[in-house]
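Take a look at the structure set out below.
What follows draws every value from the coordinates through simple rules; no lab data is involved. Keep in mind that this is a model prediction, so the values were computed, not measured. Cβ placement follows ideal geometry from the backbone for every residue including glycine, while neighbour counts extend to all protein chains displayed.
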Amino acid sequence: MKKNTFKLFIWLLFILFIFLIWPGKLIYPGSAIIGEKPYSEGKDGRWRLIGTQTDLEYQFEAVSDRLKGITLNIRKQDEIPYGQYKGTIIVSIKDSYGKNIAAVNQAISQLHDNTLIFFELDAYLTKGEYYSLSINLENTLLEKLSLFEYKEGDSFVPGIQYNYLKSLEPTQIILLWMSCLILGGILFGEKYIPHYNKFIKSFLFLCILGAIGGWWYYYKFRPIVNNNKVLSRVFMVLILLIILIFIIQLTLCYWKNEKKPHKLFLYSSFIWGIIYMIIFPAFTAPDEDTHFVSSYDLSSVLMGMDQLSENGKVLVRSIDNEIYILSPGCELLENYYSTVNKKTEKWVYEESKSRNPYSTSRQTSIFNYLFQAIGLLIARVFNLNYFWLIILGRMFNLIAYIVLMYLTIKIIPIGKWLIYVISQFPMVLELGASFSYDVINIGMVFLFIAFILNIKFNMKPIQIRDIVFISFIGVIMTMIKGIYFPLLFLIFIIPKEKFENDFIKKHSSIIRLFIVGIIIVVTFLVNNQMLTHISGTKNISSAIIGHVNARSIYTLMYDPVEMVKLFGNTIIKYGDSILFSIFGQKLAWRIDMLPLHLIACFIGIFVYTLGVNDKMYRSINLSDRITSLVIMLACACLAAVAMLLVNTPVGSEVIEGVQGRYFLPFLPLLSVTAAYSNSKALEITTNVTRVVLGTSILNYIAILYIFAYILSN
């Protein structure tokens, strides 16, 4: 009884407080400063004289119901200190009938040279109506003061800054009243709300997230978002999607006790992928403009239009040749989303105006750009505008990546949660929501690793179809990016006891080596870029766009000491940057968008899930760990060598262009090398919830940082 009485008292007190906000205007949670700071330095203008006989008046429109003060830039006309003068300067507010509403008298002796002067008022106004600000002198021997006025065009604007308090809007008051009713329902609905404790915890969790977002909006986003319809709509869509993903995850993890990572991945990656797709406009992902042009060329080939321009450049619709700004910013976001409803005008085919207008899809495998090209093909067939062309191309790439990762998490026997966490890295989500084929490469490599580990750990003997599937995925994986061909040697961690045939079991090592050799040969025949890197020759398009380097594998082999020096210098200079960029500190065009403390949290969850491997550690011996470690080191070295060949100038002391995203594909092998004897399965529901909601909370904060960066540029 006492408990209910206390609840009732608190609730009634809260409602009373809320109801007094509007009519009584007891609180003003916001402020507004109208006008720039009235500095005179470096600005064109004039000094307007304030006389002792006449008032200096300026008209202004009230932007709120309460004016708290004004800031002026005034000065004397002589060198005598203010302290030697008597008298006052009077600043007053008058309505349209000339009636004084508020006034403040300031002793001239208390003024200071070379300072802005703040006059504190407390004027109750009517928002939207016009008032006059009056300034005059009384009882002083000081003949004149001057007020600075800016020059804007052919007119002058007074250097006055108005400081307002802003009361809540009527809609906000109504929302507060509704919140009171909801709060009362929660306080007294314990007997009637099912799973009351879960409901309260979920409600408090969402309230905390809302408070964090509200703080960012109020102090970071509001001044820019409120004055821009496009940005405000983008912001609202982002907020709705973020609310949706947290509600879905709370429902699945906390209410339905869903523990299967592949199902949780499906919802999380799709919605977070769309969020990253929205916040990053076209061509802001690394090399996305190049990937777009290559995807466009492949879509033309699929449509039976395989011609290029006379200069070898890709032909695109003139309406698709509009925005090629590479750095994300406020202007780009606004320009990009302003084309949503733009009608498709008449167009012609013309040369691409991209930074790299030459297609790389003709020198690589079809799988690099197939899914993006299908999205572009559909947009072109239906004659959709530029915006929807970009969205469809990105969307098909995202869906293909999600399908590959879903299959990976479902079939891999260890490291399921490790892969889930990797899939939630800002770097991976940004790539997945772009035209980059890196996510297809990541998905294919993950799927290959998953299939190998599945064969190793399941109880079934290996079948011919398994070998065929391994070979097929291996060919696609290495065709997309050849530097990951060392992963093919994972086939050697499959025990020979898995082979039923005695002949194959006896010669299993030779047969596996033969399979790896066949995959590498097929890959080299399809992907001629690997051959050009080895031989030191360059294809035509590389020469045209300026990717010319004197190094080749031959020259590197003759100077191994130089190689060791380059690798060591790179680790010393770029090691920390490469590590943090794996998780997503550097997004877009390698821009530092996310703070280190946020990246440290991602690293913490990543390390935590390293030990979660479903108790399969008993089947992992020392040779498996060593093999996996050697393969990871080989892939990392090949990635560095590739950048040395194509991106590092001769004479450079470090390898340029090595990025963290190149190390993402082989990270699942850490589940093999890091498995330890007291390993645990992530079976407790609360732990699952912490991993899922934890990665989403970090992405939520990451989106806030990214949006703040975009609005500030």
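What the table shows:
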{"item": "Across 313/346; 260/586; 198/260; 313/586; 410/496; 201/586, pairs whose alpha-carbon gap is larger than 27 Å", "result": "260/586; 313/586; 201/586"}
{"item": "Label-zone membership for the range 363-388, site residue 305, 7 angstrom Cα→C-beta point, backbone N under 14 Å", "result": "376-386"}
{"item": "Inter-site label distance for residue 195 and residue 63 at 7 Å from Cα along Cβ, in nm", "result": "4.6 nm"}
{"item": "Extension gain from residue 603 to residue 36, taking 0.36 nm per residue of separation minus the Cα-Cα distance", "result": "199.8 nm"}
{"item": "Packing-based ranking, highest mean first, of 581-589, 460-468 given that Cβ atoms within 10 Å are counted", "result": "581-589, 460-468"}
{"item": "FRET efficiency for residue 178 and residue 708, using Cβ-Cβ distance with R0 set to 41 Å, rounded to 0.05", "result": "0.90"}
{"item": "Relative contact order (%) - the range 387-470, alpha-carbon pairs under 8 angstrom, separation at least six", "result": "38 percent"}
{"item": "Residues in the range 263-283 reached by a label modelled at residue 338 [backbone nitrogen below 17 Å; 7 Å Cα→Cβ]", "result": "281-282"}
{"item": "Distance in nm between pseudo-label sites at residue 576 and residue 240 (7 Å out along the Cβ direction from Cα)", "result": "4.3 nm"}
{"item": "Gyration tensor (alpha-carbon) shape descriptor, the range 404-531, a/c threshold 1.5", "result": "oblate"}
{"item": "Loop-located chymotrypsin sites (Phe, Trp or Tyr not before Pro) in the range 595-672, at most 14 other Cβ atoms within 10 Å (DSSP)", "result": "none"}
{"item": "Cα gyration tensor category, rounded, prolate or oblate, for the range 173-263 with a/c compared to 1.5", "result": "oblate"}
{"item": "Cα-projected label distance for residue 327 with residue 263, points at 7 Å along beta-carbon direction, nm", "result": "4.7 nm"}
{"item": "Three-way shape call for the range 414-462 based on the alpha-carbon gyration tensor, with the a/c threshold at 1.5", "result": "oblate"}
